[in-house]
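The following block contains the structure, expressed as structure tokens.
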Amino acid sequence: MRKKLLMLNASEHEIPFILAARKIGFYVITTSTKAEYAGHQYGDEYISGDYNDYEEMISLMKKYEIDAISQGCTDDCALAAAYVGEKLGLKGHDTYENAQIIHRKDHFKKFAAENQVMTPLSQNFTDLEKAISCGNHFGFPVMIKPTDLAGGQGVHVARNLEEFEHYVREAFERSKVKKIVTEPFIEGTLHSLNTFLVGQKVAAYCTANDYSFKNQYLTNSGIAPADHWEEAVKVLIPETERIARLLGLVDGQLHMQYILSNGKPWIIEMMRRNIGNNWMTMLTDSAGVNWPEWVIRAEAGMDCRAIPRPGTSEGYYGYHMIMGDKNGVFEGISIEPEFQKYVYQFNQWRPKGHVIENYLSEKMGYLAVHFKTREEKDRYMPQIHEFVHVLY
């Protein structure tokens, strides 16, 4: 009989991991409260469940004699998988305490301050009025973030006291746990470093430029490798390994976003959850390593010492999540003729007639691109949204 793996959530973002798990040989059970999610049709079985209810997930694991759990592509799933894994003695996941340090901004910032991690120093607040009263002590601009939301939700830059008070109130309102962090705003370019740890050493990695368009705090495009990646990894890989040792992290993926400012990389956030946005297509094609398969192997507690060393890609591989520029009734997607030759994967996620209610977060589809030269990459990638259009 095939071993069973529980996939927490099953949106379009989890599909590469569901397929990878089945390819390895797992019987994949997907779970969420959203039966309509596209990923369910790619698993072997769907069982309705709320992954935010940890005890329900533990009961599900026991009832169906499930051998492994995968954390999907959200921070909440990562916390759930760590909690369940720890309670059931499963390999492949960090302790619940470590999962909170990595996936909750206030926990991470506290850890970073105590261990001199290269990240902007922040202040944590659990009281609205206290946070507002501290506004006069900050130098502007300043970042304000809910501690428990991802994808740029509730994140703003305040450039004066009036904006500060407004955004603090909004961040508290949006945070489910009513906690926020503030930190200095650093001017620079946004990038990602995705690593795979084996024995708390970086065994494979890939870098990328990150881009945001209509929603400046939601990354929806990327290209690998990153600009100036050689200099960045000289600093960030030793720092990644130091963090892995400090926390005693298990084998598997560790992703970070960093801002490159005046040649210095500043770590903005880290995560162990699976990366959405079809990031894995770009990463796999750029690094020459089938990343989803190795992520699943690690989450299942399998031996990952044989992961291949990443190769040097020919040209630049990227992705773009297709988003609209207003709310309305979705008609389709149009790609400019001159840009079509760079597209090697395209998937429209929403049907004609779908009503876009929040264009700043809803994704209509994705495409994967390949550029042979730096000139092509620099020409198209920073303004890729001008060549791919949502029709209404």
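The values are calculated or read from the model by the stated rules, or taken from the named source; none is laboratory data. What you see is a predicted model; the values in this text were computed from it and never measured. Reconstructed Cβ throughout: ideal geometry from the backbone, glycine too, with neighbour counts over all protein chains shown. Surface areas here come from the heavy atoms of the whole protein model, side chains and all, with no ligands, DNA or RNA. Shrake-Rupley method; radii C 1.70, N 1.55, O 1.52, S 1.80 Å.
Net charge near Gly89: determine it from the other residues with C-beta under 14 Å of the C-beta of Gly89, scoring Lys and Arg +1 and Asp and Glu -1.
Summing Lys/Arg as +1 and Asp/Glu as -1 gives 0.
Another one. Using the Cα centre as the reference, give the magnitude of the dipole from point charges on the C-beta atoms of the chain (Lys, Arg: +1; Asp, Glu: -1; all else neutral), rounded to the nearest 20 debye.
720
Let me ask another. Hey, what number do you get for the chain at 222 nm if only DSSP H runs of n ≥ 4 count, each worth -39500 (n - 2.57), divided across all residues, to the nearest 500?
Numbers: 11 runs with 116 residues, N = 392.
Rounded to the nearest 500, the figure is -9000 deg cm²/dmol.
Work out how much length Gln123 to Thr189 would gain on full extension: take 0.36 nm times their residue separation and subtract the Cα-Cα distance, in nm to one decimal.
21.4 nm
Relative to the Cα centre, what is the charge dipole magnitude of the stretch 126-260, using +1 at the beta carbon of each Lys and Arg, -1 at the beta carbon of each Asp and Glu, and rounding to the nearest 20 debye?
340
Output the pairs from Lys341/Lys372; Lys87/Lys109; Lys4/Lys62; Lys3/Lys62 with a Cα-Cα distance over 22 Å in this structure; if there are none, say none.
From the list (Lys341/Lys372; Lys87/Lys109; Lys4/Lys62; Lys3/Lys62), the Cα-Cα distance tops 22 Å for Lys87/Lys109.
Taking every DSSP beta bridge that has both residues in the chain, what percent is antiparallel when rounded to the nearest 5? Before the final figure, lay out each step's value.
Working: 60 of 70 bridges.
If we restrict to bridges inside the chain, about 85 percent are antiparallel.
Under a Cβ-only charge scheme (Lys and Arg +1, Asp and Glu -1), can you give me the dipole magnitude of the stretch 1-125 about the Cα centre, in debye to the nearest 20?
Here the size comes out at about 360 debye.
Mind checking which aspartates and glutamates have their C-alpha under 13 Å from Lys326, skipping anything on the same chain fewer than 8 residues away?
In chain and number order, the partners are Glu357, Glu362.
Once the other residues with Cβ under 14 Å from the Cβ of Pro141 are scored (Lys, Arg +1; Asp, Glu -1), what is the net sum?
Within the 14 Å Cβ shell, the charges total -2.
Can you list which of the trypsin sites (Lys or Arg not before Pro) found in the stretch 132-196 are DSSP loop residues with at most 13 other C-beta atoms within 10 Å?
Answer in residue order: Arg159, Lys176.
Give a quick list of GluC sites (Glu not before Pro) in the stretch 286-392 that DSSP marks as loop, anything other than H, G, I, E or B, with at most 14 other Cβ atoms within 10 Å.
Passing sites in the stretch 286-392 are Glu314, Glu331, Glu357.
Going Cα to Cα from Lys110, which aspartates and glutamates come in below 15 Å? Please leave out same-chain ones fewer than 8 positions away.
Glu97, Asp148, Glu183, Glu269
Same structure again: Over the stretch 149-235, what percent of the accessible surface lies on carbon and sulfur atoms, probe 1.4 Å? Don't jump to the answer; show the numbers that get you there.
On the way: 1920 of 3850 Å².
Carbon and sulfur: 50 percent of the exposed surface of the stretch 149-235.
Still on this structure: Which listed residue (Asn274, Gln123, Ala226) has the Cα farthest towards the positive end of the charge dipole for the chain, taking +1 on Lys and Arg C-beta and -1 on Asp and Glu C-beta about the Cα centre?
Asn274
Turning to a different aspect of this structure: If I take every Cα pair under 8 Å that is 6 or more residues apart in the chain, average their sequence separation and divide by the length, what percent do I get for the relative contact order?
About 14 percent, as a whole number.
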